[in-house]
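Take a look at the structure set out below.
The values are calculated or read from the model by the stated rules, or taken from the named source; none is laboratory data. A quick note: this is a predicted structure, and the numbers were derived from the prediction, not measured. Methodologically, a virtual Cβ is constructed for each residue, glycine included, from the backbone with ideal geometry; neighbour enumeration extends over all protein chains shown. Accessible surface areas use protein heavy atoms only, side chains included; no ligands, DNA or RNA. Shrake-Rupley method; radii C 1.70, N 1.55, O 1.52, S 1.80 Å.
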Amino acid sequence: MTTTTQAAPSTDAWTFPPGFLWGSATAAYQIEGAAAEGGRTPSIWDTYSHTPGRVVNGDTGDVADDHYHRYREDVALMARLGLTSYRFSVSWPRITPQVTADALGPVNPEGVQFYSDLVDELLAHGITPSVTLYHWDLPQALEDEGGWADRRTAERCGEYARVVAEALGDRVPLFITLNEPWCSAYLGYASGVHAPGRTEDAAALAAVHHLNLAHGLAAAAIREASPSSKVAITLNLAWVRPEAGSEADADAARRVDGLQNRVFLDPILHGSYPADVLADTADVTDWSFIRPGDVDVISAPLDALGINYYSPTIVRHWTRERPKETADGHGDAEAATPWIACDDVEFPTQYGPKTDMGWSIDPRGMTELLVRVAREKPGLELMVTENGAAYPDVMGEDGRVADLGRIEYLRTHLAAVHQAIEAGAPVTGYYVWSLLDNFEWAWGYGKRFGIVHVDYDTQVRTLKDSAFFYADVIKGNAVPR
Ligand code: FCB
């Protein structure tokens, strides 16, 4: 993996640094299916999706894209697009299906074999695997004993990371410990719109810390088991902007920045929790679940930081004169926004272009976030581990999916990445979300993020126009202006 960041000048295209990784990303529960095969036991997402009323249309990941059986076909598609890297996640309940809060339990050889075969298939096609260890599918047995609100989940996660690193580390140059712990903690335990669907603010903040700790423990385990692999974490950092110049709006932005960004960035990059966040949330918890030495584990050096960016987060101080707006950049006015200690904060409705998720489109946030982190931690390699857009794609009679909105979204966001590189941010790769249309969590199959269309009745894959666009970008290592 190169760390060269000098982009060559060109007039009709933004050219990326040589060796820049061009990838796509997926997650196990969203694509694999085969939920009860290969020795896998249920995760919290199996339970959640099978609970009536939780997922739109009652959709579940039971079959999804059937990638578990079709991974060879999917790797062939990646090769056709010219991808140089592929980011996927490992399903913990395939690896140690008998895990309990107190013991990891035996390793399931069938589970390990699946990912080992996938890695071999990628390498055979010249595609570099980037492996996420945890993308939200916690073994249900761990949730039954407290889930992320319980410290033992973090301890087991570290042990699980060691198993995966031992099995795949010889062939995997980059492990990403966690995907978007913000979602796991707040959507899972505060607003309850993700699995396990709990609405307990104190548990959500305990989950924040235990996820940070799980990252640290997993990072240490990977270092030992596979010293040549790089270690990263992926955060969905928010580009938080106060709507107006008032002090009240600025304070709202500070609090949202604290809970979404700094409560992860500070312990991971700087070895301490932000004092203002601890003070703001003092009514919810005393944070006594942080034990001496924890932040040292959490802040062990990182090789890279993954950033997922989709949409800006605009905040406004709410004065009770009108109904609260809750368009928070993470879906429609999600039934309950997960913002703890932010009762007086609202997320005003945005006008202007939006994707099918109702998420505002503003590529400036991509540049701003990359530059922010580059300034905050000089020299830390950065990767865009997710970026993309849902659109209500339709297949024409000619069998073509003309997804112009997605092409423009990708083009402008790639330009924004290029701008960050020019401003000095050491960005080494970009992963489009997603390779395939897939199970979009609480939204089910109705939201299509893929650059490849999936017909869920037949499992036929069709390259959308955006896939051809992306293939051209990869081929030229450049984005048309
Ligand atoms: C991110 C998730 C990913 C996908 C995209 C749209 O928050 O990491 O699994 O759902 O959003």
Scan segment 454-461 and give yes if some residue there is assigned to a loop (DSSP other than H, G, I, E, B), more than 15 Å from the ligand (Cβ to nearest atom) and open to solvent by less than 30 Å² (accessible area, probe 1.4 Å), otherwise no.
yes
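Which residues, taken from segment 443-453, are within 16 Å of the ligand (Cβ to nearest atom) and not in a loop (DSSP other than H, G, I, E, B)?
W443, G444, Y445, G446, V452
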Boolean, L369 is under 20 Å from Y431 (Cβ atoms) and within 16 Å of the ligand (Cβ to nearest atom):
yes
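Looking at E440, E397, E422, E408, which one is open to solvent by 10 Å² or more (accessible area, probe 1.4 Å) and either among the basic types (K, R) or within 16 Å of the ligand (Cβ to nearest atom) (or both)?
E440
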Say we look at segment 192-201 and pick out the residues that are within 16 Å of the ligand (Cβ to nearest atom) and open to solvent by 10 Å² or more (accessible area, probe 1.4 Å); which of these is modelled with the lowest pLDDT?
V193
For segment 307-314, does any single residue satisfy the condition of being within 30 Å of D283 (Cα to Cα) and away from the ligand (no atom under 16 Å from the Cβ)?
yes
Consider segment 125-153. How many of its residues are touching a residue at least 40 places away in the same chain (Cβ under 8 Å), open to solvent by 10 Å² or more (accessible area, probe 1.4 Å) and not in a loop (DSSP other than H, G, I, E, B)?
7
From the options P378, P392, residue that is within 16 Å of the ligand (Cβ to nearest atom) and surrounded by fewer than 21 Cβ atoms within 10 Å (Cβ to Cβ)
P392
Could you tell me whether A225 is more than 23 Å from the chain's Cα centre (by Cα) and open to solvent by less than 40 Å² (accessible area, probe 1.4 Å)?
yes
In segment 233-258, anything within 25 Å of the chain's Cα centre (by Cα) and more than 16 Å from the ligand (Cβ to nearest atom) is listed as V240, R241, P242, A252, A253, R254, R255, V256, D257, G258
For segment 106-157, give me the residue count where each residue is of a type in the set (K, R) and either in contact with a Lys or Arg (Cβ under 9 Å, 6 or more places away or on another chain) or within 26 Å of L83 (Cα to Cα) (or both).
1
Which of (1) modelled with pLDDT under 95; (2) crowded, with 24+ Cβ neighbours inside 10 Å is the odd one out, the single condition A204 does not satisfy?
(1)
Please work out if D283 is touching a residue at least 24 places away in the same chain (Cβ under 8 Å), away from the ligand (no atom under 16 Å from the Cβ), in a loop (DSSP other than H, G, I, E, B) and not hydrophobic (A, V, I, L, M, F, W, C).
yes
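Name the helices (runs of 4 or more DSSP H) wholly inside segment 1-100 in which the number of residues that are open to solvent by less than 10 Å² (accessible area, probe 1.4 Å) and within 16 Å of the ligand (Cβ to nearest atom) is 2 or more.
Correct list: 28-31, 44-49.
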In segment 372-383, residues that are in contact (Cβ under 8 Å) with a residue 12 or more places away in the chain and farther than 15 Å from A238 by Cβ total 7
Take the residues in segment 154-190 that are open to solvent by 10 Å² or more (accessible area, probe 1.4 Å) and not in a helix (DSSP H, G or I); name whichever of them is nearest to the ligand (Cβ to nearest atom).
E180
